[in-house]
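Just passing along the structure, written as structure tokens.
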Amino acid sequence: MTKTLSKTIDITGSHFRIGWQKSPDNRAMGDSVARYYPLSAAQDRIEALAKLNLFLEQVSPIIEIMPERMTRTESGLYCYFQIIDSPKALGEIDFSRIGRNVIRDRRLCERQVGNVIDYLNTIYHFR
């Protein structure tokens with residue numbers, strides 16, 4: 001389980017995890033570009049992808065840094081993960097459109113953990 005500001009979210013169920021930082025290398029979109037690390041997890045592959053797409057629609061236009069990647073956890077969740085740069089600020093995103101179980105993970109960024117895939121693997125135990 002992961003503790004957020006207001007509640008505890010069971011990460012073996014459907015949820016959306018988001019990390020962010022200022023983009024370290026993408027000035028093509030402007031000076032205030034954010035790098036986002038969205039992970040959408042659900043029991044159903046289509047639901048997980050739909051939540052990721054709802055997020056991507058809100059932060060468009062984007063520059064893809066790492067293409068969408070799908071994997072499964074030991075508990076059977078489908079996880080879609082991507083790394084993108086966007087000129088949209090975190091405050092401009094309506095997370096209620098994505099769902100109730102949103103985890104804002106300040107550690108989920110290259111600046112904090114280095115390799116974000118390794119960091120996510122320690123949390124989700126990808127197959």
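Each value in this text was obtained by applying a stated rule to the coordinates, not by laboratory testing. Worth saying up front: this structure is predicted, and the values here are computed from it rather than measured. A quick note on method: Cβ atoms are made from the backbone with ideal geometry, for glycine too, and the neighbour counts reach across all protein chains shown.
Highest mean first, how do 8-20, 42-54 rank when packing is the count of other Cβ atoms within 10 Å averaged over residues?
Descending mean neighbour count gives 8-20, 42-54.
In sequence order, what are the phi-derived ³J(HN,Hα) couplings for segment 73-87 according to the Karplus relation 6.51 cos²θ - 1.76 cosθ + 1.60 with θ = phi - 60°, rounded to whole Hz, with x for glycine and proline?
Rounded to whole hertz, the list is 9, 4, 7, x, 6, 8, 10, 10, 9, 8, 10, 9, 10, 8, x.
Which GluC sites (Glu not before Pro) from segment 53-127 combine a DSSP loop assignment with at most 11 other Cβ atoms within 10 Å?
Of the GluC sites (Glu not before Pro), the ones in loops of segment 53-127 whose Cβ has at most 11 other Cβ atoms within 10 Å are Glu74.
Between segment 36-62 and segment 92-127, how many Å separate their Cα centres?
For segment 36-62 versus segment 92-127, the Cα centre distance is 12 Å.
Considering amide H positions built from the backbone, and no H for Pro or chain starts, which residues 5 or more places from Gly99, or on another chain, come under 5 Å of its amide H?
none
Treating only the Cβ atoms of Lys and Arg (+1) and Asp and Glu (-1) as charged, compute the dipole magnitude of the chain about its Cα centre; round to the nearest 20 debye.
340 debye
How would Tyr80, Tyr37 line up from fewest to most surrounding beta-carbon atoms within 10 angstrom?
Tyr80, Tyr37
In the chain, if the dipole is taken from +1 on Lys/Arg beta carbons and -1 on Asp/Glu beta carbons about the Cα centre, which of Ile46, Ser23, Leu108 is farthest to the positive end?
Ranked along the dipole, the leading option is Leu108.
Which of rounded, prolate or oblate describes segment 75-117 when judged by the alpha-carbon gyration tensor and an a/c cut-off of 1.5?
It comes out oblate by the Cα gyration axes.
Okay, next question. Which label marks the calculated value of log10 I(q)/I(0) by the Debye sum over Cα atoms at q = 0.10 Å⁻¹, given the options [x] -0.60; [y] -0.28; [z] -0.55?
Step by step, log10 I(q)/I(0) by the Debye sum over Cα atoms at q = 0.10 Å⁻¹ for this structure corresponds to label [y].
Can you give me the angle between helix 45-59 and the longest principal axis of the chain, using Cα atoms only, in degrees from 0 to 90, rounded to the nearest 10?
Once rounded, one gets 20 degrees.
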